[in-house]
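Undergrad: Handing you this structure, nothing more for now.
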Ligand SMILES: Nc1ncnc2c1ncn2[C@@H]1O[C@H](COP(=O)(O)OP(=O)(O)O)[C@@H](O)[C@H]1O
Ligand SMILES: [Mg+2]
């Protein structure tokens, strides 16, 4: 299970399509191993008081870094949804049901999806940049020499923090979307706020909520795994750190889209 | 103590080390010189398996580190202190916490004991008043000295120094040379020093070798080394104004700046 950092380097320069595909699979494999190892190290996060402190620090960083953006995005997504859906529904005199539309779409998709994108951009990028800088400065090597497993010391607390914070942030963004939708319903479509809220709350479904939060959890794991892997396999100095950061964000975005669809497909069948 | 057996390392399609065989004895100061990018850091990293040879084997104290895993590798690594080229301090911790890290993570000792040993170590490198500062608040030379304090804190048997004096002012550089010499002379610590600074190397080393195009040229005593005729070695010596007949006399006074026990070569 345990591997040295060296095996994260991509030694060969990609020349043929075959080698590229081979490299892709090996990177996916390493990322999976890295994540699984970090999950196996969670008990240590609970037992050791320094590790616990580091977990709290990371949770704080994740929350604080993304909170303003999640707040704004949550509000505006709700507002846009209410406006678009409301205009359409008004044609059939059904604008009183906007609440249901906003609630269901944020719980099922928008909450976790937007949180995933925001976490990729705000948190994933800085994880890749920080760990990448540590890699090119030999700080990871220094940890290894001191027999401090970088996966335990760096990856595990970040992963734990993300797994806790991503669902919380997704839930928070759902709440704000519903509130934002309510504001638009009241001001643009003259639906009374309480009526809107009642219909929204009535249409909230526990299954939708759990699937949405589960998706956010999966996004948290993916983003952390991808960003830490990109950080750890950084080579070639400052240029490499830039490349690792960009790579981490791009791959995380794509994964949020693709895996998000797959999870949805798993829980909602026609 | 440390043995390279026909080690070849290919990085990015380039042969950085080419069939290197080398033995470093217990208790000696072995200095590696060479131009930038010649693979000196790569050589050091092989000793503690931060890099694995493409071909060949590396042994430390009878353990084949190039194939060791898990507990065995950890045991081998615990023999070492490693001063990285840039210091490699963790940016979010103070100098004190950085130096304390190996003790806190590895040894079950009281916080008072940790503090005592950290202060001792910081004093050795002349940073006893800078423990509370963060790595980005101190100069590159101070970061390097803090890295040295961290490398010696757990009392290793072997210390690997990657350019310990580059970027330091000449007086501090001689102090560090003297410290390397003292750790070796008083505690018998085997030392592998990578440096560009031949003046210092000639003063403290037992043997010097130059890395040229992936191969080590003439590991030999300083006296023999400065008389070398190999064109690359000669160019390196001439660039630092070291004539084959040496500069006896001047050296002793230089080392006396930093050390109470200047070593007499000759
Ligand atoms: N991880 C790596 N991947 C590819 N090339 C590397 C890597 N590490 C070092 N190199 C190359 O190996 C050569 C030697 O590097 P290094 O040992 O750091 O030189 P120096 O002698 O200055 O310490 C350089 O050309 C460097 O580009
Ligand atoms: Mg180097």
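The values are calculated or read from the model by the stated rules, or taken from the named source; none is laboratory data. Only a predicted model underlies this, so the values are computations on that prediction, with no experimental measurement involved. Neighbour counts run over all protein chains shown; Cβ positions are idealised from the backbone, glycine included.
Undergrad: Could you check residue A:70 against (1) under 15 Å from the mean Cα position of the chain (by Cα); (2) more than 14 Å from every other protein chain (Cβ to nearest Cβ); (3) surrounded by fewer than 19 Cβ atoms within 10 Å (Cβ to Cβ) and say which number it fails?
TA: Failing condition for residue A:70: (3).
Undergrad: Within the range B:120-148, track down each residue that is surrounded by fewer than 15 Cβ atoms within 10 Å (Cβ to Cβ) and touching a residue at least 12 places away in the same chain (Cβ under 8 Å).
TA: B:132, B:136, B:140
Undergrad: List pairs: first residue in the range B:32-50 and facing another protein chain (nearest Cβ under 10 Å), second residue near ligand 1 (Cβ under 6 Å from one of its atoms) and part of a loop (DSSP other than H, G, I, E, B) anywhere in the structure, Cβ distance under 7 angstrom, at least six positions apart or on different chains.
TA: From the range B:32-50, no pairs qualify.
Undergrad: Which one of these is in contact (Cβ under 8 Å) with a residue 60 or more places away in the chain, more than 14 Å from chain A (Cβ to nearest Cβ), crowded, with 22+ Cβ neighbours inside 10 Å and under 28 Å from residue B:3 (Cα atoms): B:162, B:197, B:177?
TA: When all the criteria are applied, what remains is B:177.
Undergrad: Would a scan of the range B:59-81 turn up a residue that is closer than 28 Å to residue B:146 by Cα, within 16 Å of ligand 1 (Cβ to nearest atom), in contact with a strand residue (DSSP E or B) (Cβ under 7 Å, 6 or more places away or on another chain) and in contact (Cβ under 8 Å) with a residue 12 or more places away in the chain?
TA: No.
Undergrad: Counting just the residues of the range B:51-86 that are more than 16 Å from ligand 2 (Cβ to nearest atom) and closer than 20 Å to residue B:144 by Cβ, which one comes out farthest from the other protein chains (Cβ to nearest Cβ)?
TA: B:81
Undergrad: Among the residues of the range B:11-31, write down those that are more than 14 Å from chain A (Cβ to nearest Cβ) and in contact with a helix residue (DSSP H, G or I) (Cβ under 6 Å, 6 or more places away or on another chain).
TA: Result: B:29, B:31.
Every residue, every condition in (1) more than 26 Å from residue A:47 (Cα to Cα); (2) within 14 Å of chain B (Cβ to nearest Cβ), yes or no:
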{"position": "A:154", "(1), (2)": "no, yes"}
{"position": "A:167", "(1), (2)": "no, no"}
{"position": "A:174", "(1), (2)": "yes, no"}
{"position": "A:181", "(1), (2)": "yes, no"}
{"position": "A:196", "(1), (2)": "yes, no"}
{"position": "A:206", "(1), (2)": "yes, no"}
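Undergrad: Let me ask another. Tell me the residue from B:16, B:47 that is within 16 Å of ligand 2 (Cβ to nearest atom) and within 19 Å of residue B:218 (Cα to Cα), please.
TA: B:16
Undergrad: Go through the range B:135-159 and give me each residue that's more than 16 Å from residue B:180 (Cβ to Cβ) and more than 14 Å from chain A (Cβ to nearest Cβ).
TA: Matches in the range B:135-159: B:137, B:138, B:139, B:142.
Undergrad: Do any residues in the range B:87-104 that are more than 11 Å from every other protein chain (Cβ to nearest Cβ) and at pLDDT 90 or above have Cβ atoms under 6 Å from those of residues that are assigned to a loop (DSSP other than H, G, I, E, B) and surrounded by fewer than 17 Cβ atoms within 10 Å (Cβ to Cβ), where the two are at least six apart or on different chains, and which pairs are they?
TA: So the pair list comes out as B:94/B:132; B:94/B:134; B:95/B:133.
Undergrad: Can you name the residue in the range B:1-37 that is over 24 Å from residue A:144 (Cα atoms) and part of a loop (DSSP other than H, G, I, E, B) and, of all such residues, is farthest from ligand 1 (Cβ to nearest atom)?
TA: So, considering only residues that are over 24 Å from residue A:144 (Cα atoms) and part of a loop (DSSP other than H, G, I, E, B), the one farthest from ligand 1 (Cβ to nearest atom) is B:27.
Undergrad: Output the residues belonging to the range B:196-210 that are within 14 Å of ligand 1 (Cβ to nearest atom) and either assigned to a helix (DSSP H, G or I) or touching a strand residue (DSSP E or B) at 6+ places or on another chain (Cβ under 6 Å) (or both).
TA: Across the range B:196-210, the qualifying residues are B:209, B:210.
Undergrad: Name every residue in the range B:183-195 that is more than 16 Å from ligand 1 (Cβ to nearest atom) and over 22 Å from residue B:121 (Cα atoms), in order of residue number.
TA: Listed by number, the list is empty, since nothing qualifies.
Undergrad: Could I ask something else about it? Would you be able to tell me the number of residues in the range B:70-95 that are more than 23 Å from residue B:194 (Cα to Cα) and either assigned to a loop (DSSP other than H, G, I, E, B) or in contact with a helix residue (DSSP H, G or I) (Cβ under 6 Å, 6 or more places away or on another chain) (or both)?
TA: 5
Undergrad: Can you tell me which of (1) under 19 Å from residue B:193 (Cβ atoms); (2) crowded, with 21+ Cβ neighbours inside 10 Å is the one residue B:28 doesn't meet?
TA: All conditions pass for residue B:28, except number (2).
Undergrad: Can I ask one more? Anything in the range B:38-59 that is assigned to a strand (DSSP E or B) and crowded, with 23+ Cβ neighbours inside 10 Å? List them, or say none.
TA: Within the range B:38-59, B:58 is the sole residue that qualifies.
Undergrad: Where in the range B:111-191 are there helices (runs of 4 or more DSSP H), lying fully within it, with 2 or more residues that are out of contact with any helix residue (DSSP H, G or I) (no Cβ under 6 Å at 6 or more places or on another chain) and in the same structural domain as residue B:74 (by TED's automatic domain parsing)?
TA: Those helices (runs of 4 or more DSSP H) span B:170-187.
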